[in-house]
1. In region 110-128, which residues are within 23 Å of Asp99 (Cβ to Cβ), among the small types (Gly, Ala, Ser) and modelled with pLDDT of 90 or more?
2. Between residues in region 37-55 that are without any contact (Cβ under 8 Å) to a residue 24 or more places away in the chain and surrounded by 19 or more Cβ atoms within 10 Å (Cβ to Cβ) and residues that are of a type in the set (A, V, I, L, M) and part of a helix (DSSP H, G or I), which pairs lie under 9 Å by C-beta distance while being six or more apart or on different chains?
3. What pairs can you find where one residue is in region 85-96 and within 14 Å of Ala48 (Cβ to Cβ), the other is assigned to a loop (DSSP other than H, G, I, E, B) and at pLDDT 95 or above, and their Cβ atoms are less than 7 Å apart, with a gap of 6+ or different chains?
4. Which residues, counting only those in region 63-92, are of a type in the set (Val, Ile, Thr) and either within 16 Å of Phe120 (Cβ to Cβ) or loosely packed, with under 15 Cβ neighbours inside 10 Å (or both)?
5. Among the residues that make up region 47-59, is at least one of them of a type in the set (Asp, Glu), under 15 Å from the mean Cα position of the chain (by Cα) and within 30 Å of Gly109 (Cα to Cα)?
6. List pairs: first residue in region 101-128 and among the aliphatic types (A, V, I, L, M), second residue modelled with pLDDT of 95 or more and assigned to a loop (DSSP other than H, G, I, E, B) anywhere in the structure, Cβ distance under 6 angstrom, at least six positions apart or on different chains.
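The values are calculated or read from the model by the stated rules, or taken from the named source; none is laboratory data. It should be emphasised that the depicted structure is a prediction, and the values quoted were computed from it without experimental measurement. Glycine gets a Cβ as well: all are built from the backbone with ideal geometry, and neighbour counts include every protein chain shown.
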Amino acid sequence: MVPTSGSGIDAGTYTKQSADTEAAIVREAVAAGINFIDTAEGYGSGEAERAISAAIKGAGVAREDLVIASKVNNGNLAPVALREACERSLSNLGTSYIDLYQIHLPERGEWDVKATFGEFKRLQVSLA
């Protein structure tokens, strides 16, 4: 469960640490009852997602014990680009599913809302 305090790990201010340090952060967070990890494809151009994947493995934490959120950049909201971005994030994170996939900084009027959310729904169904 996500702690009631709303605590989690946010890679939004991602700065590369050693693999041991990153694994220790995940391990200590889980030991403290934190299981929510937030990242995005835009954090370090996918490097934060890859680091989280390695840290989870290095910490020996089971994927099913975590809630992982990631975000698609607002430049990837066309259906084909959205699917490709999601597949990249899945690969970067080393997982077959993302618990919460969101739009990072959506801008009004810049994208086809119906087509984008239609693709979100298709992703949800195809990855279930």
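1. Gly118, Ser126
2. none
3. Ser89/Ile98
4. Taking region 63-92 first, the residues of a type in the set (Val, Ile, Thr) are 67-68, 72, 80.
Those that are of a type in the set (Val, Ile, Thr) and either within 16 Å of Phe120 (Cβ to Cβ) or loosely packed, with under 15 Cβ neighbours inside 10 Å (or both): Val72, Val80.
5. As a first pass, look at region 47-59 and keep what is of a type in the set (Asp, Glu): 47, 49.
Of the ones still in play, those that are also under 15 Å from the mean Cα position of the chain (by Cα) are 47, 49.
This time we only want the ones that are within 30 Å of Gly109 (Cα to Cα), so: 47, 49.
Yes, there is a match, as at least one residue in region 47-59 is of a type in the set (Asp, Glu), under 15 Å from the mean Cα position of the chain (by Cα) and within 30 Å of Gly109 (Cα to Cα).
6. Leu127/Tyr97
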